[in-house]
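Values in this text are rule-based calculations from the coordinates and carry no lab data. From a predicted model like this one, the values you see are computed outputs, not experimental measurements. Counting neighbours? That spans all protein chains shown, and the Cβs are built from the backbone with ideal geometry, glycine included.
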Amino acid sequence: MANIETITLEAADASAAQEFYSTAFGLGPQLQVRESQTPTDGFRGFTLSLTVAQPGNVDLYLDAALAAGATSLKPATKSFWGYGGVVQAPDGAIWKVATSSKKDTGPAVAEFESFVLLLGASDVGASKRFYVDHGLTVAKSFGKMYVEFGDTGPVKLALYGRRALAKDAGVVPEGTGSHRLAVASSAGAFSDPDGFAWEAASLAVNP
């Protein structure tokens, strides 16, 4: 069973990115930032999501992100599945904050229930088989559209078709260059079929 310990985002200005994430989302050690000048352009093929308990919490996180310098891609709105919105951080990473609840049950608080990495796969079925072979367990699967893995520790992992993920994020699916993303886990070092880099957990944590 693969335990995902941290997500590492690469940014041209790591200090500024770290300050943004501390201010906007208050994430702990499960999110790391390191410097990289590797070229990247357009959609990087992934999104990060915070699942929260109520709409007020969504607004609190999104407002904090926008105040810290994020750009709105999809303003928070109600839908048949709940309530949520999407922003792009100054470093280029795309974040979604959402809840399945449509009503507040208490004061808004900056607390999230789950931290999710959604990878856009060119072939969801092939990527699913790849990850199962690397020790992950499928929790939910909807054919070749969506796969969610279980028991991955502090970071949840899911696969979505790249074009569908880009549409959900409010961006065009085209992109080139580095993903500027590394996943640190007990599964070791490898690259998946779409080139997403995985590292041994001890290698990805900043000193």
Net length gained if the chain between Glu19 and Leu73 were fully extended (0.36 nm per residue, minus Cα distance): 17.3 nm
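How high is the FRET efficiency from Ala164 to Ala200, r the C-beta distance, R0 35 Å, rounded to 0.05? Show your work: numbers first, answer last.
On the way: r = 31 Å, r/R0 = 0.88.
Efficiency computed from Cβ-Cβ geometry: 0.70.
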Tell me which trypsin sites (Lys or Arg not before Pro) from segment 71-136 have a DSSP coil assignment and no more than 10 other beta carbons within 10 Å of their own. Lys103
In a Debye calculation with equal point scatterers on the alpha-carbon sites of segment 4-204 and no solvent, what is log10 I(q)/I(0) at q = 0.16, 0.18 Å⁻¹? -1.07, -1.38
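Taking the Cα centre of the chain as origin, work out the dipole magnitude from +1 charges on Lys and Arg Cβ and -1 charges on Asp and Glu Cβ, in debye rounded to 20.
Numbers: 16 positive and 21 negative charges, 152 e Å.
That gives the chain a dipole magnitude of about 720 debye.
Report the net charge of residues surrounding Tyr83, where surrounding means a beta-carbon distance below 11 angstrom and charges are Lys +1, Arg +1, Asp -1, Glu -1. Intermediate results must be reported in sequence, preceding the final value.
Values: positive: Lys78, Lys102, Lys103; negative: Asp59, Asp104.
Here the charged neighbours net out to +1.
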Out of the DSSP beta bridges found with both residues in the chain, what percent are antiparallel (nearest 5)? 65
Testing the spin-label approximation: label points 7 Å from Cα along Cα→Cβ at Gln30 and Glu113. State their distance in nm. 1.3
Loop-resident chymotrypsin sites (Phe, Trp or Tyr not before Pro) in segment 1-100 with no more than 13 other Cβ atoms inside 10 Å, DSSP not H/G/I/E/B, are Phe80, Trp81
So if I take the centroid of the Cα atoms in segment 124-178 and the same for segment 22-86, what is the distance between those two points in Å? 18
Per-peptide average of other Cβ atoms within 10 Å, ordering 167-177, 49-59, 110-120 highest first: 49-59, 110-120, 167-177
Quick one: length gained pulling Thr38 to Ala189 fully straight, 0.36 nm per residue minus the C-alpha distance? 52.4 nm
At 7 Å along Cα-to-Cβ for each site, give me the label-to-label distance between Phe80 and Val138 in nm. 2.4
